[in-house]
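S.K.: Below is one structure. I have some questions about it.
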Amino acid sequence: MKFDALLFDFDGVLIESEYLGNQHIADFLTRAGHPTTTEESMANFMGYSGRDFITRLESWIGRPLPDEWNTERLAENDRLLAEGIAEVAGAVAFVRSLPADLPKAVVSSSSTHWISTHLDHLDLADVFGTHIYSGAEHVTRGKPAPDLYLYGAAQLGIPIDRCAILEDSPVGATGAVASGGHVIGLCAGQHCAPGHDARLRAIGVKEIAHDFDDVRRMLGL
């Protein structure tokens with residue numbers, strides 16, 4: 001193992017939620033009179049959380065979000081929390097194959113409730129324990145700031161330059177690169193269209209993995 005700890009983004013790295021979530025956003029905005037494709041949603045909103053996410057949505061449509069936004073978004077989230085979401089191919093086996101004593105954490109823009117519930121669905125909750133950190137809950141500045149990665153590394157007690165970070169979104173990769181960790185851009189999810197790897201490289205990601213076998217090789221496992 002080339003590194004002393006692993007920091008995992010969650011949506012699009014461990015579960016196939018990015019395409020589903022952005023499809024729902026695009027469908028809602030289109031029905032509200034602002035035609036938006038899933039690809040446009042991913043390009044403009046993926047990786048953001050909290051007020052930053054809402055601000056970008058409202059900037060896109062040029063007005064406050066319709067009143068029904070919160071109701072529909074919550075209903076969709078509740079449905080996915082109840083039903084679960086498929087893993088990114090190979091994610092569960094990869095996480096289970098890691099040494100039990102290797103420090104590891106989830107660092108995500110999603111809420112801790114969302115992360116914990118889906119880790120339960122994947123039967124991975126015991127792997128991360130309490131090391132589940134949210135950009136909307138644990139730091140003042142979420143992604144694309146580097147703060148969440150630095151926070152996660154500090155909670156594990158590992159210097160950030162000894163951490164490998166698995167990220168899939170340009171927003172997340174921006175913060176991960178700025179943190180000083182070793183970033184592996186994972187292009188294994190359904191949302192990673194041709195050219196996604198080039199977008200990550202342009203941000204400064206040096207290594208691109210197209211599946212978890214690539215990740216294993218890059219980590220020296």
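The values are calculated or read from the model by the stated rules, or taken from the named source; none is laboratory data. What you see is a predicted model, and the numbers here were worked out from it, not measured in a lab. Reconstructed Cβ throughout: ideal geometry from the backbone, glycine too, with neighbour counts over all protein chains shown.
S.K.: Does region 111-127 contain at least one residue that is within 18 Å of HIS191 (Cα to Cα) and surrounded by 15 or more Cβ atoms within 10 Å (Cβ to Cβ)?
M.R.: No, there is no match, as no residue in region 111-127 is within 18 Å of HIS191 (Cα to Cα) and surrounded by 15 or more Cβ atoms within 10 Å (Cβ to Cβ).
S.K.: Taking the condition of being exposed (fewer than 12 other Cβ atoms within 10 Å of the Cβ) and of a type in the set (Gly, Ala, Ser), how many residues in region 89-99 meet it?
M.R.: Number of matching residues: 2.
S.K.: Considering ALA176, ALA193, ALA153, ALA202, which residue is exposed (fewer than 15 other Cβ atoms within 10 Å of the Cβ) and modelled with pLDDT of 95 or more?
M.R.: Numbers: ALA176 fails: exposed (fewer than 15 other Cβ atoms within 10 Å of the Cβ); ALA193 fails: modelled with pLDDT of 95 or more; ALA153 fails: exposed (fewer than 15 other Cβ atoms within 10 Å of the Cβ).
Going through ALA176, ALA193, ALA153, ALA202 in turn, the sole match is ALA202.
S.K.: Among the candidates ALA5, ALA32, single out the residue that is aliphatic (A, V, I, L, M) and at pLDDT 95 or above. Lay out the reasoning, then the answer.
M.R.: Details: ALA32 fails: at pLDDT 95 or above.
Criteria check complete, one pass: ALA5.
S.K.: Now for a separate question. Kindly indicate the residue of region 11-28 that is more than 10 Å from the chain's Cα centre (by Cα) and among the polar types (S, T, N, Q) and also surrounded by the fewest Cβ atoms within 10 Å (Cβ to Cβ) among those meeting that condition.
M.R.: GLN23
Let's see how each residue does on (1) farther than 18 Å from PRO170 by Cα; (2) assigned by TED's automatic domain parsing to the domain that holds ASP168; (3) under 16 Å from the mean Cα position of the chain (by Cα); (4) among the β-branched types (Val, Ile, Thr):
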| residue | (1), (2), (3), (4) |
| --- | --- |
| ASP9 | no, yes, yes, no |
| THR30 | yes, no, no, yes |
| SER49 | no, no, yes, no |
| PHE53 | no, no, yes, no |
| ILE61 | yes, no, no, yes |
| ALA75 | yes, no, no, no |
| ASP78 | yes, no, no, no |
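S.K.: I've got another one for you. May I ask you to list the residues in region 44-58 that are modelled with pLDDT under 90 and of a type in the set (A, V, I, L, M, F, W, C)? So that I can check it myself, show each step before the final result.
M.R.: If we filter region 44-58 for residues that are modelled with pLDDT under 90, which is where we start, we get 44-53.
Passing the criteria: PHE45, MET46, PHE53.
S.K.: In the set SER134, SER169, which member is in contact with a Gly (Cβ under 9 Å, 6 or more places away or on another chain), hydroxyl-bearing (Ser, Thr, Tyr), within 16 Å of SER109 (Cβ to Cβ) and modelled with pLDDT under 95?
M.R.: Working: SER134 fails: modelled with pLDDT under 95.
Result: SER169 is the single residue among SER134, SER169 that is in contact with a Gly (Cβ under 9 Å, 6 or more places away or on another chain), hydroxyl-bearing (Ser, Thr, Tyr), within 16 Å of SER109 (Cβ to Cβ) and modelled with pLDDT under 95.
S.K.: While we're looking at this one, here's another question. Which residues, counting only those in region 70-88, are β-branched (Val, Ile, Thr) and either more than 27 Å from PHE212 (Cα to Cα) or surrounded by fewer than 15 Cβ atoms within 10 Å (Cβ to Cβ) (or both)?
M.R.: THR71
S.K.: Strands (runs of 3 or more DSSP E) wholly in region 89-173 with at least 2 residues that are touching a residue at least 40 places away in the same chain (Cβ under 8 Å) and within 26 Å of LEU74 (Cα to Cα) - which ones?
M.R.: Details: elements: 104-108, 132-134, 163-167.
The qualifying strands (runs of 3 or more DSSP E) are 104-108.
S.K.: Which of the residues spanning region 47-88 are out of contact with any Gly (no Cβ under 6 Å at 6 or more places or on another chain), of a type in the set (Ser, Thr, Tyr) and either farther than 26 Å from THR117 by Cα or in contact (Cβ under 8 Å) with a residue 12 or more places away in the chain (or both)?
M.R.: Selection gives TYR48, THR55, SER59.
S.K.: Within the group ASP211, ASP161, which residue is surrounded by fewer than 17 Cβ atoms within 10 Å (Cβ to Cβ) and closer than 20 Å to SER97 by Cα? Steps first, answer last, please.
M.R.: Numbers: ASP161 fails: closer than 20 Å to SER97 by Cα.
Going through ASP211, ASP161 in turn, the sole match is ASP211.
S.K.: Here's another thing I want to ask about it. Quick one: in region 128-150, of everything that is polar (S, T, N, Q) and closer than 23 Å to MET46 by Cα, which residue is surrounded by the fewest Cβ atoms within 10 Å (Cβ to Cβ)?
M.R.: Going through the qualifying residues, I end up with THR140.
S.K.: Report whether or not SER108 is at pLDDT 95 or above, within 30 Å of THR30 (Cβ to Cβ), of a type in the set (Gly, Ala, Ser) and surrounded by 18 or more Cβ atoms within 10 Å (Cβ to Cβ).
M.R.: On the way: at pLDDT 95 or above: yes; within 30 Å of THR30 (Cβ to Cβ): yes; of a type in the set (Gly, Ala, Ser): yes; surrounded by 18 or more Cβ atoms within 10 Å (Cβ to Cβ): yes.
Considered against the rule, which asks whether it is at pLDDT 95 or above, within 30 Å of THR30 (Cβ to Cβ), of a type in the set (Gly, Ala, Ser) and surrounded by 18 or more Cβ atoms within 10 Å (Cβ to Cβ), SER108 comes out as yes.
S.K.: Given TYR48, TYR19, which one is closer than 22 Å to HIS182 by Cα and not polar (S, T, N, Q)?
M.R.: Values: TYR19 fails: closer than 22 Å to HIS182 by Cα.
Among TYR48, TYR19, only TYR48 is closer than 22 Å to HIS182 by Cα and not polar (S, T, N, Q).
S.K.: Separate question: In region 9-18, is there at least one residue being over 19 Å from HIS113 (Cβ atoms) and not in a loop (DSSP other than H, G, I, E, B)?
M.R.: no
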